[in-house]
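Undergrad: Encoded as structure tokens, here's the structure I'll be asking about.
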Amino acid sequence: MKLIDRKVRVAELILRCSVFALALLAAILIVTDVQVKEIFMIKKKAKFTNMKALVFMVVVNGIAAGYSLLQAVRCVVGLMKGNVLLSKPLAWAIFSGDQVVAYLCVAGTAAAAQSAAFAKLGEPELQWMKVCDMYGKFCNQVGEGIASALFACIGMVLVSCISAFGVFRLYGGSKTRLSSRW
């Protein structure tokens, strides 16, 4: 059982470090993305603050990166000390935090992807033009940021599954089950 626990903790550490790197990369790609277009001597600047969904995604990815970094440090300390998570309140706190960050990542990535689809495809019935026809470089870099955020989101969901395993294994095994007595 100790070998399985160690492998699960190493997998959790790798996933948390991956989520940190991908969420940070997504935020950096989106924040640094700017394109200027001159239309009839008027300069129009495309930046992430023009789309509130991108601002939300940057904030969410910053939260996910910070949280993942803190949890990765906790994982490293746990691996070095050899501690197994035995405290139910701590396990529940970690699980709850992972759930909140995972849901935030899903919401932020979905909102940004929907806004990106409108920017790419437009909406003729509402007279929304295809913004990506004018700002191609901007849209490509935003797409890369959304892809990185999507992978961070998937990693966060997997981390959440691992923390669920950590919580619910504390409740099984040593007690006899009610159905086995009947």
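The values are calculated or read from the model by the stated rules, or taken from the named source; none is laboratory data. Here the structure is a predicted model, which is why all the values come from computation and not from measurement. Please note: Cβ atoms are built from the backbone with ideal geometry, for glycine as well, and neighbour counts cover all protein chains shown. To get the accessible areas, we keep the full protein, side chains included, count just its heavy atoms, and leave off ligands, DNA and RNA. Shrake-Rupley method; radii C 1.70, N 1.55, O 1.52, S 1.80 Å.
Undergrad: Please determine, in degrees from 0 to 90 and to the nearest 10, the orientation of helix 136-168 with respect to the longest principal axis defined by the Cα atoms of the chain, where the helix direction is its Cα long axis.
TA: It works out to around 10 degrees.
Undergrad: At residue 110 and residue 133, where each label point lies 7 Å from the Cα along Cα→Cβ, what is the point-to-point distance in nanometres?
TA: Going by the 7 Å Cα→Cβ label model, 3.1 nm.
Undergrad: Follow-up question, since we're still on this one. Probe of 1.4 angstrom, ligands and nucleic acids ignored: what's the accessible area per residue over the chain, in square angstrom?
TA: Details: 11310 Å² over 182 residues.
Ligands and nucleic acids excluded, the result is 62 Å² per residue.
Undergrad: Roughly what angle does helix 2-31 make with the longest principal axis of the chain, taking Cα atoms, 0 to 90 degrees, to the nearest 10?
TA: The angle comes out near 20 degrees.
Undergrad: Right, here's the next one. For the chain, what does the helix formula give at 222 nm: sum of -39500 (n - 2.57) over DSSP H segments with n ≥ 4, over the residue count, nearest 500 deg cm²/dmol? Write down the numbers at each step before the final one.
TA: Details: 6 runs with 135 residues, N = 182.
After summing the helix terms and dividing by the residues of the chain, the value is -26000 deg cm²/dmol.
Undergrad: Give the residue from 75, 21, 100 lying farthest towards the positive end of the charge dipole for the chain; charges sit on Cβ (+1 for Lys and Arg, -1 for Asp and Glu) and the dipole is referred to the Cα centre.
TA: Final value for the positive-end residue is 75.
Undergrad: Continuing with the same structure: Lone cysteines in the chain, defined as no other cysteine's Cβ under 4.7 Å from theirs: which are they?
TA: Taking the Cβ cut-off of 4.7 Å, the unpaired cysteines of the chain are 17, 75, 161.
Undergrad: I'd like the FRET efficiency for residue 42 and residue 100, computed as 1/(1 + (r/R0)^6) with the beta carbon distance as r and R0 of 45 Å, rounded to 0.05.
TA: Working: r = 43 Å, r/R0 = 0.97.
The computed FRET efficiency comes out at 0.55.
Undergrad: Further question on the same structure: Roughly speaking, to the nearest percent, how much of the chain's 1.4 Å accessible area is carbon and sulfur? Could you put the intermediate results ahead of the total?
TA: Values: 7900 of 11310 Å².
Summing carbon and sulfur atoms, their accessible area is 70 percent of the total for the chain.
Undergrad: Still on this model: So if R0 is 30 Å, what FRET efficiency would residue 34 and residue 93 give, r being the distance between their Cβ atoms, rounded to the nearest 0.05? Walk me through the numbers on the way to the answer.
TA: Values: r = 39 Å, r/R0 = 1.31.
Computed FRET efficiency for residue 34 and residue 93: 0.15.
Undergrad: Could you point to the residue in 121, 155, 132 farthest towards the positive end of the chain's charge dipole, with +1 and -1 charges on the Cβ of Lys/Arg and Asp/Glu respectively?
TA: About the Cα centre, the residue reaching furthest to the positive side is 155.
Undergrad: Also, I was wondering about something else. Determine the dipole magnitude for the chain: charges of +1 sit on the beta-carbon of Lys and Arg, -1 on that of Asp and Glu, nothing else is charged, the reference point is the Cα centre, and the result goes in debye to the nearest 20. Can you show the working numbers first?
TA: On the way: 21 positive and 9 negative charges, 160 e Å.
Dipole about the Cα centre, nearest 20: 760 debye.
Undergrad: For the range 8-78, what is the charge dipole size about the Cα centre, in debye to the nearest 20, if Lys and Arg each add +1 at the Cβ and Asp and Glu each add -1 at the Cβ? Walk me through the numbers before you get to the answer.
TA: Values: 9 positive and 3 negative charges, 46 e Å.
Its charge dipole is roughly 220 debye.
Undergrad: Still on this structure: With Rg and Dmax of the Cα atoms in Å in mind, check (i) 15.7, 47; (ii) 17.0, 66; (iii) 21.4, 84 and report the label derived from this structure.
TA: Answer by label: (iii).
Undergrad: Another question, if that's okay. Is the shape of the range 59-105 best called rounded, prolate or oblate, per the rule: a/c under 1.5 gives rounded, else a/b larger than b/c gives prolate, else oblate, with a ≥ b ≥ c the square roots of the Cα gyration tensor eigenvalues?
TA: On the way: a/c = 4.18, a/b = 1.56, b/c = 2.68.
Since a/c reaches 1.5 but b/c is at least a/b, the shape of the range 59-105 is classed as oblate.
Undergrad: Taking the Cα atoms only, what angle lies between the long axis of helix 52-81 and the longest principal axis of the chain, rounded to 10 degrees?
TA: Between the helix axis and the principal axis of the chain, the angle is about 30 degrees.
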